[in-house]
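Peer 1: Can you read through this structure? Questions will come right after.
No lab work stands behind these numbers, since they all come straight from the coordinates. Just so we're clear, the structure is a prediction, and the values are computed from it rather than from any experiment. So basically every Cβ, Gly included, is an ideal-geometry build from the backbone, and we count neighbours across all protein chains shown.
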Amino acid sequence: MDVHQPPAPNERTISEIKVESQARAERGAYPLIGLDPGDVREALAHIETRDSDEWAAAWGAVADRYCVVAGTSHNVEERRSNYLRAWRLYYFAQWPVASSEGKKVAYDKALDSFIRSTEALSPPLEIVRIPFEGSEIVGYMRMPASRIRRMPVVLAVTGLDSRKENLAETYAALLDHGIGFFVIDGPGTGQSPVKASPTADRVLSRVIDYLAARGDVDPSRILLHGVSFGGYWASKLAIVEKDRLRAVVVQSPPIHGFFQPDSVRNSLLGNQEYLFDVVPTFLSVVENVGTVDGLIFEFSKLSLVALGLLGRPTTSMLVIAGVRDTLVPISDIDLLLHNGDMPKDAWINPKGGHLGRELTNWTDPMIFREVIMPWELRVLQSAPGDSQRI
């Protein structure tokens, strides 16, 4: 479904989207992290409407230029830098979801640019293709250069509009600490073989099967990190796969209230913490929906309360959230923290929004560097049984 449709009440106009996009680029805020403000200004100058293909063409034109420079460069670092710059622009060209022909072209170019940016990486990035129900799961894996023993691994799953390429760039920081990573698009997003549904977590279980069977992975030290809607899957797997996961990290995970009709109608439609079109994007991601009423019906099936899972035993968990989150209610975080059998670690920012982020202080990179990564290192570098607390 094309997310270009009459905007919901309170949804930003194209003029407001342009102003907010530039402002976020200037401060390095999601979803424009890493984009050059000058490139953003150039692309926005060629956008006049909310048409999806017009959006994709404007960002793609700037990205094309960096691809040309990268393709003619003989300097490895310069080549990688330009392909990464192109990837970020193509990624935003298809944002929030590749819902039109132009955005689909941009997404294909984003994938190609990202892979080209990794060609000289050491240790290398492995494109993994896992057979799955007549299709395949596509993920990226990097392992530390020194493999004298089986290594711990972080399995990271994206949110509604982030992609595995974003996570691969972030998680490269763990390699120097002797920890590998496997990143995957969440159900319904990117290259996922299934849409979001009450059983879509089977994709992640299949990835755990794959990791546990690899000779270079320590199956007793697999940690799952879920971002936003990916946090929902991680929260679910903390229960249904508790025996195979050393721990999970969940950032602003939807649990129950998020999936209720009032939340969709009053908090998600026209939400301004999200840049634009959060509900239309969910219409593309969730199985068997094409209308807001259909989304509300299918959402009700995803609640961990409705599934009878909340309160069951879990693996160790770090919960990250912001009290001022307008997308996932803080009541969902309370539910998660107050249920189950395992003491949980929590980092709750009283001034934070979605994912615990703030405008300037606690940015996404800072939360990863100062909160998530240290916790994951402690858990994965400790002996079994010692990972219950930070």
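Peer 1: Quickly rank 157-163, 213-219 as a protection proxy: mean count of other C-beta atoms within 10 Å, highest first.
Peer 2: On the way: 157-163: 25.9, 213-219: 14.3.
Order by mean packing, descending: 157-163, 213-219.
Peer 1: Sticking with this one: Give a residue-ordered list of calculated ³J(HN,Hα) values for segment 312-326 (Karplus: 6.51 cos²θ - 1.76 cosθ + 1.60, θ = phi - 60°; whole Hz; x for Gly, Pro).
Peer 2: Per residue, the Karplus-derived 3J(HN,Hα) values read 6, x, 10, 7, 4, 8, 10, 10, 10, 6, x, 5, 8, 4, 9 Hz.
Peer 1: What size of dipole, in debye to the nearest 20, comes out for the chain about its Cα centre when the only charges are +1 on Lys and Arg C-beta atoms and -1 on Asp and Glu C-beta atoms?
Peer 2: On the way: 41 positive and 49 negative charges, 219 e Å.
With Lys and Arg at +1 and Asp and Glu at -1, about 1040 debye.
Peer 1: Okay, moving on. Given contacts defined as C-alpha pairs under 8 Å and at least six residues apart, what's the relative contact order of the chain, whole-number percent?
Peer 2: On the way: 771 pairs, mean separation 52.3, N = 390.
Averaging sequence separation for qualifying contacts and normalising by length gives 13 percent for the chain.
Peer 1: In segment 264-360, what is the volume of the convex hull around the alpha carbon atoms, normalised per residue and reported in Å³? If you can, show how the numbers build up before the last one.
Peer 2: Details: hull volume 11.1 nm³, N = 97.
So the per-residue hull volume is 114 Å³.
Peer 1: Of all DSSP beta bridges located in the chain, what percent are antiparallel, nearest 5?
Peer 2: Numbers: 11 of 38 bridges.
Restricted to the chain, the bridges split so that about 30 percent are antiparallel.
Peer 1: For a quick check: with amide H placed at 1.01 Å from N, whose amide H comes under 5 Å from Ser316's, ignoring anything fewer than 5 positions away on the same chain?
Peer 2: Counting only residues 5 or more places away or on other chains, the set is Val248.
Peer 1: If you project the alpha carbons of segment 15-115 onto the principal axes, what extent comes out on each, in Å, largest first?
Peer 2: 41, 30, 20
Peer 1: Over segment 287-390, calculate the relative contact order: mean separation of alpha carbon pairs under 8 Å at least 6 apart, over the residue count, as a percent. Could you put the intermediate results ahead of the total?
Peer 2: Numbers: 122 pairs, mean separation 24.3, N = 104.
Rounded, it is 23 percent for segment 287-390.
Peer 1: Let me ask something else about it. GluC sites (Glu not before Pro) within segment 235-341: which are DSSP loop residues with at most 14 other Cβ atoms inside 10 Å? List each step's numbers first, then the result.
Peer 2: On the way: sites: Glu241, Glu273, Glu287, Glu298; in loops: Glu241, Glu273, Glu287.
Sparse-neighbourhood loop GluC sites (Glu not before Pro): Glu273.
Peer 1: Next up: Considering only Cα-Cα distances, which of the following residue pairs are longer than 29 Å: Lys18/Lys236; Lys109/Lys351; Lys195/Lys242; Lys103/Lys164; Lys236/Lys351? Intermediate results must be reported in sequence, preceding the final value.
Peer 2: Working: Lys18/Lys236 36 Å; Lys109/Lys351 37 Å; Lys195/Lys242 23 Å; Lys103/Lys164 17 Å; Lys236/Lys351 27 Å.
Checking Cα-Cα distances, Lys18/Lys236; Lys109/Lys351 exceed 29 Å.
Peer 1: For Tyr83, Tyr90, what ranking results if the residue with the fewest other Cβ atoms within 10 Å of its Cβ goes first? Working shown, then result.
Peer 2: Numbers: Tyr83 25, Tyr90 30.
Neighbour counts put them in this order, fewest first: Tyr83, Tyr90.
Peer 1: Moving on to the next point. Under a 10 Å cutoff between Cα atoms, tell me which one of Pro253, Pro152, Pro350 has the largest fluctuation in the Gaussian network model of the chain.
Peer 2: Answer for the Gaussian network model of the chain: Pro350.
Peer 1: So what are the ³J(HN,Hα) numbers for segment 108-114, from phi and the Karplus equation (6.51, -1.76, 1.60; θ = phi - 60°), rounded to whole Hz, Gly and Pro as x?
Peer 2: 4, 5, 5, 4, 5, 5, 5
Peer 1: If amide H atoms are built 1.01 Å from N in the plane of the peptide, which residues on other chains or at least 5 residues away come under 5 Å of the amide H of His225?
Peer 2: Leu155, Ala156, Val157, Val249
Peer 1: Suppose only helical runs count, i.e. DSSP H with n ≥ 4. What mean residue ellipticity at 222 nm does that imply for the chain under -39500 (n - 2.57) per run, divided by all residues and rounded to the nearest 500 deg cm²/dmol? Could the numbers behind the result be given before it?
Peer 2: On the way: 13 runs with 146 residues, N = 390.
Computed ellipticity for the chain at 222 nm equals -11500 deg cm²/dmol.
Peer 1: Bin width 10 Å, origin at 0, all Cα-Cα pairs of segment 124-380: what percent of pairs per bin?
Peer 2: The percentages, shortest bin first, are 7, 33, 38, 19, 3, 0.
Peer 1: Order these peptides, 224-236, 45-57, by their mean beta-carbon neighbour count within 10 angstrom, highest first.
Peer 2: On the way: 224-236: 27.5, 45-57: 17.6.
Descending mean neighbour count gives 224-236, 45-57.
Peer 1: Each residue of segment 361-374 in order: what ³J(HN,Hα) in whole Hz does its phi give by Karplus 6.51 cos²θ - 1.76 cosθ + 1.60, θ = phi - 60°, with x for Gly and Pro?
Peer 2: Karplus-based 3J(HN,Hα) across segment 361-374 equals 6, 8, 7, 4, x, 5, 4, 5, 5, 9, 10, 5, 4, x Hz.
Peer 1: Need the C-alpha centroid separation for segment 15-77 versus segment 297-333, integer Å.
Peer 2: 34
Peer 1: Quick check: net charge around Phe259, other residues with Cβ under 12 Å of its Cβ, Lys/Arg +1 and Asp/Glu -1? Could you put the intermediate results ahead of the total?
Peer 2: Working: positive: Lys301; negative: Asp262, Glu298, Asp332.
My count for the surroundings of Phe259 gives -2.
Peer 1: Can you list the residues, at least 5 places off or on another chain, whose amide H is less than 5 Å from the amide H of Met151, using H built in the peptide plane?
Peer 2: Under 5 Å from the amide H of Met151 lie the amide H atoms of Val217, Asp218, each far enough along the sequence or on another chain.
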